[in-house]
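**Student:** Got a structure for you, questions after.
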Ligand code: MRU
């Protein structure tokens, strides 16, 4: 079933008597909306990237606690609270890098620990908070798009890595939000989409979004980024982020660091678009960001067909899902509260103090 709301595009996740998501592992072959009936299904969906992208993971975790609350047979508030604390721990263990997951769970936990007259009151309060998290994300993405579009010149070539689009958020996108806002403003841009090995979020998801939105785009292998930059066709890069440390170091999909280095070499601005929920001021630098290591089979096979020898006898396979781009390579960070420029320690401190 395709799930679209006019004016808002597709719905990455919806609540309709329960949580439903677009199963992103099936795209672009199939656009299927699936229910996530219990907590284990939500945790599995996050772990296996059926729902992925930092803000969307946060939204899914928030609704995941609602799924746990609705599925509970608890008859008093304290028992439900106990179950929800355990559910929150389960969701927190799904993926380590995107801080939006922990940020959203913390917002939900404040509701869990609040005063509630009955289990139904607690359930309703949780659902209201999950809706707020989703709606705030949508508003933040649209504002990032509006602000970031100013950085995109008429006729620009724009390169992006992974998927920081509607599918990675509540529906509009962060980096893709900037791209689509520039397109909606009438600018004749052309997007270069990195395919994003090993799980192909660029080719399966970003290219699908570009085509659905009618934005002119070219897909190529990650290693072709250098060729595009060397040709002079690319005027700027914009990516999303999974976690930004207090000094402006940015964790994002593995390959982002290589793209940022290429941009520096070719004198092309490298922008990051991320909502305030992606900043982690508790970490002084990117060295402290936990980087998810995923299983070897994602690298060593394609759709079940082996593309590498079995590990063993001194041969190993590495699959870090993210890398860290040092702040010095980031031209600016586009947030819903404004565009940050170096020095980032001061800019991020001011942003998070609400200055
Ligand atoms: O492993 P994924 O697909 O969850 O990684 C997603 C990314 O790296 C995105 O660029 C990031 O989460 C920002 S999404 C707006």
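**Student:** Among the residues of the stretch 30-44 satisfying the criterion of being in a strand (DSSP E or B) and out of contact with any helix residue (DSSP H, G or I) (no Cβ under 7 Å at 6 or more places or on another chain), which is nearest to residue 167 (Cα to Cα)?
**Tutor:** Here the residue is 33.
**Student:** Between 237, 251, 207, 241, which is within 16 Å of the ligand (Cβ to nearest atom), buried (at least 19 other Cβ atoms within 10 Å of the Cβ) and assigned to a loop (DSSP other than H, G, I, E, B)?
**Tutor:** Checking each option against the conditions leaves just 241.
**Student:** Looking at the stretch 92-111 only, could you name the residues that are within 16 Å of the ligand (Cβ to nearest atom) and in a helix (DSSP H, G or I)?
**Tutor:** 92, 99, 100, 101, 102, 103, 104
**Student:** Something else about it: So which residues in the stretch 23-56 are more than 15 Å from the ligand (Cβ to nearest atom), surrounded by 19 or more Cβ atoms within 10 Å (Cβ to Cβ) and over 20 Å from residue 68 (Cα atoms)?
**Tutor:** none
**Student:** Moving to a separate point now. Is it the case that residue 199 is closer than 22 Å to residue 59 by Cα, within 14 Å of the ligand (Cβ to nearest atom) and in a helix (DSSP H, G or I)?
**Tutor:** Considered against the rule, which asks whether it is closer than 22 Å to residue 59 by Cα, within 14 Å of the ligand (Cβ to nearest atom) and in a helix (DSSP H, G or I), residue 199 comes out as no.
**Student:** Whether any residue in the stretch 65-88 is part of a helix (DSSP H, G or I) and either within 14 Å of the ligand (Cβ to nearest atom) or under 18 Å from the mean Cα position of the chain (by Cα) (or both) is what I want to check.
**Tutor:** No, the stretch 65-88 contains no residue that is part of a helix (DSSP H, G or I) and either within 14 Å of the ligand (Cβ to nearest atom) or under 18 Å from the mean Cα position of the chain (by Cα) (or both).
**Student:** In the stretch 174-196, which residue that is part of a loop (DSSP other than H, G, I, E, B) and without any contact (Cβ under 8 Å) to a residue 40 or more places away in the chain is farthest from residue 153 (Cα to Cα)? Step through it out loud before you land on a result.
**Tutor:** The first filter runs over the stretch 174-196 and keeps only residues part of a loop (DSSP other than H, G, I, E, B), leaving 174, 185-189, 195-196.
Next cut, without any contact (Cβ under 8 Å) to a residue 40 or more places away in the chain only: 185-189, 195.
Details: 185: 11, 186: 11, 187: 8, 188: 9, 189: 8, 195: 24 Å.
Per the stated criteria, the residue is 195.
**Student:** Give just the number: which of (1) more than 22 Å from residue 23 (Cβ to Cβ); (2) within 15 Å of the ligand (Cβ to nearest atom); (3) assigned by TED's automatic domain parsing to the domain that holds residue 239 does residue 155 not satisfy?
**Tutor:** If we test residue 155 against (1) more than 22 Å from residue 23 (Cβ to Cβ); (2) within 15 Å of the ligand (Cβ to nearest atom); (3) assigned by TED's automatic domain parsing to the domain that holds residue 239, just (2) comes out false.
**Student:** Hey, residue 171 hits all of (1) modelled with pLDDT of 95 or more; (2) within 16 Å of the ligand (Cβ to nearest atom) but one; which does it fall short on?
**Tutor:** (1)
**Student:** Looking at the structure I just gave you, is residue 114 in a loop (DSSP other than H, G, I, E, B) and either within 13 Å of the ligand (Cβ to nearest atom) or not assigned by TED's automatic domain parsing to the domain that holds residue 46 (or both)?
**Tutor:** Working: in a loop (DSSP other than H, G, I, E, B): yes; either within 13 Å of the ligand (Cβ to nearest atom) or not assigned by TED's automatic domain parsing to the domain that holds residue 46 (or both): no.
Against the criterion (in a loop (DSSP other than H, G, I, E, B) and either within 13 Å of the ligand (Cβ to nearest atom) or not assigned by TED's automatic domain parsing to the domain that holds residue 46 (or both)), residue 114 does not qualify.
The values are calculated or read from the model by the stated rules, or taken from the named source; none is laboratory data. Note that the coordinates shown come from a computational prediction; the quantities given were computed from them, not determined experimentally. Virtual Cβ from ideal backbone geometry, glycine too; neighbours counted across all protein chains shown.
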